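Reviewing the structure listed below.
All of the numbers you see were taken from the coordinates with simple rules; none came from a lab. If you're wondering where the values come from, they're calculated on a predicted model, not measured in any experiment. Cβ atoms come from the backbone with ideal geometry, glycine included; neighbour counts cover every protein chain shown.
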Amino acid sequence: MEFFAESFARALQLILSADAEMVAIVRTSLSTSCAAVLIASVLAIPAGIGVAITQFPGKKALRHGLNALMALPTVVVGLLLYGLLSRQGPLGNFNLLFSPLAIVIGQTVLVIPLLWNLVWTAAQSADPRIIFTCRTFGAGRYQQARILLHECRRPVVAATILTFGRAIGEVGVAMMLGGNIAHYTRTMTTAIALETSKGEFALGLALGLLLLLVALLTNLALSLLDWRPE
């Protein structure tokens with residue numbers, strides 16, 4: 001108990017003093033996760049709205065595929081991308097492996113199926129009369145998608161926030177593609193694993209508390225999104 005109390009006090013001291021190493025780790029986590037969610041949003045939100053208003057062969061198979069990708073272990077995603085980005089892989093000439101960009105790529109690939117599926121579900125849960133009315137008035141596919149996106153904007157924003165939480169809490173892809181390099185690719189999750197294995201429990205605990213704070217702020221954002229004035 002004394003060990004934990006001392007470690008907790010040291011962790012709070014590191015947080016309050018804005019330890020340089022800790023700040024660099026947090027900055028890397030936030031920057032890579034935000035970039036991944038931004039890219040995923042540009043790709044997955046239009047895709048989710050598009051498939052919701054379009055009928056095509058294989059639509060059910062696509063849904064099953066997205067569900068399967070959501071359940072895919074992150075180390076498998078990391079392994080496949082490692083093979084693509086390594087020097088022997090087809091993208092090896094770009095020297096992307098063990099860089100922040102590699103982490104962004106990995107997190108983007110990881111969260112796209114999640115965001116796509118959530119946006120698709122949100123769009124399908126909207127009032128079906130929206131699309132019927134749009135078609136009645138002769139709205140084109142782009143106009144239908146824009147109106148539907150506006151109507152289900154709240155669950156879409158909620159899905160994006162959940163996706164950010166998924167990205168920043170990722171460890172497998174970040175470790176395999178980033179290499180956990182100090183002051184370069186070390187994220188909060190990979191640093192927690194490393195520092196704990198080294199016996200530096202205080203720093204790991206400090207990062208864990210900050211990661212918990214991010215999770216709490218994410219949930220707070222979702223709660224505020226669901227709040228409606230009386």
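Annotations for the structure displayed:
- Selection status of ALA191, under 30 Å from ALA18 (Cβ atoms) and not in a loop (DSSP other than H, G, I, E, B): yes
- Qualifying residue in the range 123-130 (condition: touching a Gly at 6+ places or on another chain (Cβ under 8 Å), in a helix (DSSP H, G or I) and either of a type outside the set (A, V, I, L, M) or surrounded by 14 or more Cβ atoms within 10 Å (Cβ to Cβ) (or both)): yes
- Test result for ILE168, in contact with a helix residue (DSSP H, G or I) (Cβ under 7 Å, 6 or more places away or on another chain), surrounded by 22 or more Cβ atoms within 10 Å (Cβ to Cβ) and of a type in the set (Val, Ile, Thr): yes
- Residue in the range 136-153 that is more than 22 Å from LEU211 (Cβ to Cβ), among the hydroxyl-bearing types (Ser, Thr, Tyr) and part of a helix (DSSP H, G or I) present: yes
- Residue within the range 176-184 that is within 30 Å of ILE53 (Cα to Cα) and either exposed (fewer than 13 other Cβ atoms within 10 Å of the Cβ) or among the polar types (S, T, N, Q) (or both) present: no
- Residue identified as surrounded by 15 or more Cβ atoms within 10 Å (Cβ to Cβ) and touching a residue at least 40 places away in the same chain (Cβ under 8 Å) among LEU194, LEU149: LEU149
- Applying a threshold of 7 Å to beta carbon distances and a minimum spacing of six or more residues, or different chains, the list of pairs starting in the range 13-36 at a residue that is crowded, with 23+ Cβ neighbours inside 10 Å and ending at one that is not in a helix (DSSP H, G or I) reads ILE25/ARG186; ILE25/THR187; THR28/THR185; THR28/ARG186; THR28/THR187; SER29/THR187; THR32/THR187.
- Some residue of the range 35-46 being touching a Phe, Trp or Tyr at 6+ places or on another chain (Cβ under 7 Å) and under 30 Å from GLN144 (Cα atoms): yes
- Residue selected from the range 48-96 under the condition assigned to a helix (DSSP H, G or I) and of a type in the set (Phe, Trp, Tyr), by the criterion farthest from ALA123 (Cα to Cα): PHE94
- Residue satisfying condition, being surrounded by fewer than 18 Cβ atoms within 10 Å (Cβ to Cβ), farther than 19 Å from ALA35 by Cα and within 20 Å of the chain's Cα centre (by Cα), within set LEU225, LEU207, LEU217: LEU225
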